[in-house]
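The values are calculated or read from the model by the stated rules, or taken from the named source; none is laboratory data. Fair warning: this is a prediction, and the values are worked out from it, not measured in the lab. Cβ sites come from the backbone with ideal geometry, for glycine too, and all protein chains shown count toward neighbours.
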Amino acid sequence: MMSQPLLDVQGLSKHFGGFTALDNVSLHVEPGERFGLIGPNGSGKTTMINCISGALINEAGKVVFQGRDITGLKPHQRTHLGIARSFQLPRPFASMTVLENLCIPLEYATDSRTTMAERRAEGMQILELIGLADKAEEHSGGLTQIDMRKLELARAMAAKPDLLISDEAMAGLSGAEVNEILGRLFTLNERGVGVIMIEHVMKAVMQFSQRIVVLDAGKKIAEGTPDEIVSNPLVEKAYLGE
Amino acid sequence: MRVASFWPVSAVLFVGVTAATFFVNEYYVVAGYMVLQGLIMATAWNILGGFTGYVNFGSAGFFALGAYTSVVLYTAIDPPLWVVIPAAAIVCGLLGLGAGYLTLRLRGVYFAIATLALAIVLETLMVNWDYVGGATGAFIITPDVPLFASYNAFLFVIMLALAIGSVGLARYLNHSRIGRGLTAIRDDEVAAECAGVPTLRLKLISTTIMGAMMGIAGSLYPYFVTFVEPLSAFNLIVAVNAIAMPMIGGTSSWIGPVIGALLLGSVQEWTKVNISSELNLLIVGVLLVGFVALAPRGILGLAQDFRARLRGPQKKEQGDDEPAAA
């Protein structure tokens, strides 16, 4: 465990007016780790990943990625460095086909200059991995919910990240669909990508994560393996009250 | 095929139309100039409005600033046109750059309102600036041009070259890396940024090119009408046309504003002479409302739908074959 962490969040704080969304939260993710971030609604999970991906800039604390302080960098710069995210509510490029959606990060998120044909070929590989290859030429605006979620993950993967942030990729899906998305995330993780999973579907987080951090009201209240988290009285209190 | 033939076709068109200016009645040259002016404005508007998804209501402000750049230069040193046109492009490009920074905080309808306000501020400045004639306006005396049929024909030929250049640039943007990034911004700016697209830089490129192009369209206007005052330079019809032409033609591609400008511009010039010069705006309005309500993707959209319908039955057969084969 002497190697530097993939992501090191140090003492992060974020306020919205008088409301404290995050209060001195620290967490770290190892390279290739499967990491779960959970907490009740309004606990600051989404604020945390917005601060990691750059959509919000934290007021106090540091975000260090692969040994480099990235606090203050713009989202597209962080994507370039290897942080990709999917969105809770799918945000496809609706005028483009599924494959064209992937070609945007394939063209913009990496330094290498590629031809359109190379990008399309690479995009197809990712779509096959994620199980969307048969819909490659369909318009992304008309996809079903589960296919939208898959597209979110595929587009994030097309940025060739070292860290993938999956923001509630399974909310509202059926049991079989949850298992399908979960399987895809395991596949991506096997390729060496560290994954932060933000999720309300507890079964999925517990099954997926090697380590979990629990947020409540902007504070970190617990950290540990899924088993430790389940038996933690503070976590139970946060979710169910006293 | 279409990719390779744009510049040869444009060159032939340029030579042919230039030659025609020596033989036709000057009215056609004047009408043609107005159509080309609309074409450049529409192409410029569409780079921001159609490709990037930011609606500019202040086109008349950019156009008039280009015109007034010419007036200032003419009053000061009367330089040749090859100085005036780039100068107007630079001034209006800088204004476009400034408008680009507005997109940091203003999106959607708020950006549109800000551009409208920008035009009004500029108009107020010009009305109160005596050096450029204030509210009374400024005269420009045009020189003789030996090689051309008339000075208007000379301006028309320059405008034709500028229009071809503008459309060429828009066409290049449409098919380039920048164009693909702009499309991503138009579809979803947040997702584009997270996909690695440097959204601010691309938006600034987009607004700057739009501004410069509109400035170019405006820079020749004082020489064309030889008298500029704020009311005509900041004319509502300029702003409305810049929006209406791309909307009627179709905003998704560079060819849309070209189709819209040629169609709407010609109809306007025809009406001006044959029916009434006041009916112009009414026609634009009715056409715009009609297209927005019935064919929101413009003539291009109608053409695509028509082609899809022609190919429709075949595609279904292919779709049926696939599961059987698999």
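Okay, here's what the table says:
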item	result
Options A:Glu190, A:Glu236; residue that is at pLDDT below 90, more than 14 Å from the chain's Cα centre (by Cα) and surrounded by fewer than 18 Cβ atoms within 10 Å (Cβ to Cβ)	A:Glu236
In segment A:31-60, the residues that are more than 14 Å from chain B (Cβ to nearest Cβ), crowded, with 18+ Cβ neighbours inside 10 Å and either closer than 12 Å to A:Ala21 by Cα or not acidic (Asp, Glu) (or both)	A:Arg34, A:Phe35, A:Gly36, A:Leu37, A:Ile38, A:Gly39, A:Ser43, A:Gly44, A:Lys45, A:Thr47, A:Met48, A:Asn58
Residues within segment A:54-65 that are part of a loop (DSSP other than H, G, I, E, B) and at positive phi, tallied	1
Helices (runs of 4 or more DSSP H) wholly inside segment A:96-170 containing at least 2 residues that are without any contact (Cβ under 8 Å) to a residue 40 or more places away in the chain and surrounded by fewer than 18 Cβ atoms within 10 Å (Cβ to Cβ)	A:116-130
Breaking point among (1) of a type outside the set (Ser, Thr, Tyr); (2) more than 14 Å from chain B (Cβ to nearest Cβ); (3) in contact (Cβ under 8 Å) with a residue 60 or more places away in the chain; (4) crowded, with 18+ Cβ neighbours inside 10 Å, for A:Val63	(3)
Candidates B:Val258, B:Val273 - the one that is farther than 17 Å from B:Val240 by Cβ, modelled with pLDDT of 90 or more and in a helix (DSSP H, G or I)	B:Val258
Single residue of segment A:95-120 satisfying the filter (more than 10 Å from chain B (Cβ to nearest Cβ) and of a type in the set (S, T, N, Q)) that is nearest to A:Ser140 (Cα to Cα)	A:Thr97
Residues being in a loop (DSSP other than H, G, I, E, B), on the phi < 0 side of the Ramachandran plot and in contact (Cβ under 8 Å) with a residue 24 or more places away in the chain - total across segment A:191-229	6
Of all residues making up segment B:153-189, the number that are more than 19 Å from the chain's Cα centre (by Cα), within 14 Å of chain A (Cβ to nearest Cβ) and not aliphatic (A, V, I, L, M)	7
Residues of segment A:66-94 satisfying the condition of being within 18 Å of A:Val195 (Cβ to Cβ), touching a Pro at 6+ places or on another chain (Cβ under 6 Å) and within 8 Å of another protein chain (Cβ to nearest Cβ)	A:Ala84
Single unsatisfied condition, A:Gly175 versus (1) away from every other protein chain (no Cβ under 14 Å); (2) at pLDDT 90 or above	(2)
Test: residue in segment B:47-68 that is on the phi < 0 side of the Ramachandran plot, without any contact (Cβ under 8 Å) to a residue 24 or more places away in the chain and assigned to a loop (DSSP other than H, G, I, E, B)	no
Segment A:66-87, residues that are in contact (Cβ under 8 Å) with a residue 60 or more places away in the chain and either surrounded by 17 or more Cβ atoms within 10 Å (Cβ to Cβ) or assigned to a helix (DSSP H, G or I) (or both)	A:Thr79, A:Gly82, A:Ile83, A:Ala84, A:Arg85, A:Ser86, A:Phe87
Residue list for segment A:171-188, restricted to those being assigned to a helix (DSSP H, G or I) and over 13 Å from A:Ala154 (Cα atoms)	A:Gly175, A:Ala176, A:Glu177, A:Val178, A:Asn179, A:Glu180, A:Leu182, A:Gly183, A:Phe186
Members of segment A:32-50 that are out of contact with any helix residue (DSSP H, G or I) (no Cβ under 8 Å at 6 or more places or on another chain) and in a loop (DSSP other than H, G, I, E, B)	A:Glu33, A:Asn41, A:Gly42, A:Gly44
Search result, residues across segment B:147-176 that are without any contact (Cβ under 8 Å) to a residue 24 or more places away in the chain and not in a loop (DSSP other than H, G, I, E, B)	B:Phe154, B:Gly165, B:Tyr172
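A quick yes/no check of all residues on (1) without any contact (Cβ under 8 Å) to a residue 12 or more places away in the chain; (2) within 21 Å of the chain's Cα centre (by Cα); (3) on the phi < 0 side of the Ramachandran plot; (4) within 11 Å of chain A (Cβ to nearest Cβ):
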| position | (1), (2), (3), (4) |
| --- | --- |
| B:Ala114 | no, yes, yes, no |
| B:Ala119 | no, yes, yes, no |
| B:Gly137 | no, no, no, no |
| B:Val145 | yes, no, yes, no |
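For (1) under 19 Å from the mean Cα position of the chain (by Cα); (2) within 19 Å of A:Phe87 (Cβ to Cβ); (3) at pLDDT below 85, each residue gets a yes or a no:
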residue	(1), (2), (3)
A:Met124	no, no, no
A:Ser140	no, yes, no
A:Leu182	yes, yes, no
A:Leu185	yes, yes, no
A:Ile196	yes, yes, no
A:Met206	yes, no, no
